[in-house]
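Novice: Just dropping this structure here.
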Amino acid sequence: MGSVQRAMRLLESVAEHEHGAPAKQLARETGLALPTAYHLLRTLVHEGYLRRDKGLFFLGEAAERLSSSGAEQKRRSTVVDALAHWRDLIGVPVYYAQYRDGEIEVLCVSDSPGNPAVEEWADFRETGHAHAIGQCLLAQLDDEGRRDHLDRYPVRSITPYTVRDDHSLLRRLERTARMGPVIERQEYALGTVCAAIPITVDNAASTMAISLPAHQADRLVAATQQLQAEIGRLMGSLAISISI
């Protein structure tokens, strides 16, 4: 355990030196005897946690992977916490989705027993034309991107309210106000109404969305406006965390 602690102290010390540091300086900063520091530094280099260049030690690929993984986990935690906060505040299930590599991906859902999420009874990726999340993401693409998506996932009716054909969907998407909310009523699931709010993360089409039972449809607009306001308040700190 003592060796692990000393190795961690060395890693922390190296991390503080963007331009690298020699063994003597690292030993002094960590309070280690120079032979002990040399032994641990050689081990950390061998394992890939450090690299040595011209007598200076830098963080290695293994340490950077750990750092990246930790930062990613922190970002994911921030998004999960934000969605849970909005779920409780507004009293609706909240969804976060992105358009990645030509596919619709629902990355996070926060619901509760009293406000359950929509059941994915038809693959969300293949039915983007029918639900608010998909329509919102497709509206953010250019014409070529939309047509490419529809070539792979053609419009098909899955409820009596679903848009009927590609042409009708494309016209609707063109009329959608830029960065305005998208509202869908029972097009994906009977008895459910949904709204999706477009956001941009790392130049990727993204959205936050909510759903309600159809008998609460009169709440949808107000709930959407509340979510928009909440996203606007938090976006400064969330925008970055949101690239899960």
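Every read-out reported here was derived from the displayed coordinates using simple, explicitly stated rules and does not represent laboratory data. In this text, all values refer to a predicted model and were calculated from it rather than measured experimentally. Cβ atoms come from the backbone with ideal geometry, glycine included; neighbour counts cover every protein chain shown.
Novice: Under the √(5λ) rule applied to the eigenvalues of the Cα gyration tensor, what semi-axes describe the equivalent ellipsoid of segment 122-225? Give them in Å, descending.
Specialist: Whole-Å semi-axes of the equivalent ellipsoid: 20, 17, 11.
Novice: About its Cα centre, how strong a charge dipole does the chain have in debye, to the nearest 20, once Lys and Arg get +1 and Asp and Glu get -1 at the Cβ?
Specialist: 760 debye
Novice: Also: Quick one: net charge around HIS39, please, counting Lys, Arg +1 and Asp, Glu -1 for every other residue with C-beta under 15 Å from its C-beta.
Specialist: Once all neighbours under 15 Å are counted, the net charge is +4.
Novice: Under the rule of -39500 (n - 2.57) per DSSP H run of 4 or more residues, summed and divided by the residues of the chain, what mean residue ellipticity at 222 nm is obtained, to the nearest 500 deg cm²/dmol?
Specialist: Working: 8 runs with 111 residues, N = 244.
Helices in the chain give a 222 nm mean residue ellipticity of -14500 deg cm²/dmol.
Novice: Let me ask something else. Residue farthest toward the positive end of the dipole of segment 76-181, with Cβ of Lys/Arg at +1 and Asp/Glu at -1: which of SER112, THR176, ALA84?
Specialist: The listed residue farthest towards the positive side: THR176.
Novice: Once each part is reduced to its C-alpha centroid, what is the distance from segment 73-150 to segment 180-212 in angstrom?
Specialist: 7 Å
Novice: Determine the equivalent ellipsoid of segment 28-165 by diagonalising the alpha-carbon gyration tensor, then write out the semi-axes as square roots of 5 times the eigenvalues, largest first, rounded to whole Å.
Specialist: 49, 21, 11
Novice: Suppose the Debye formula is applied to equal point scatterers at every Cα of the chain; what is log10 I(q)/I(0) at q = 0.10, 0.16 Å⁻¹?
Specialist: Ignoring solvent entirely, the Cα scatterers give -0.61, -1.01.
Novice: Another question, then. Tell me whether segment 83-127 comes out rounded, prolate or oblate; compute the Cα gyration tensor, take square roots of the eigenvalues as a ≥ b ≥ c, and use a/c under 1.5 as the rounded threshold.
Specialist: It is oblate, given that a/c is not under 1.5 and a/b is not larger than b/c.
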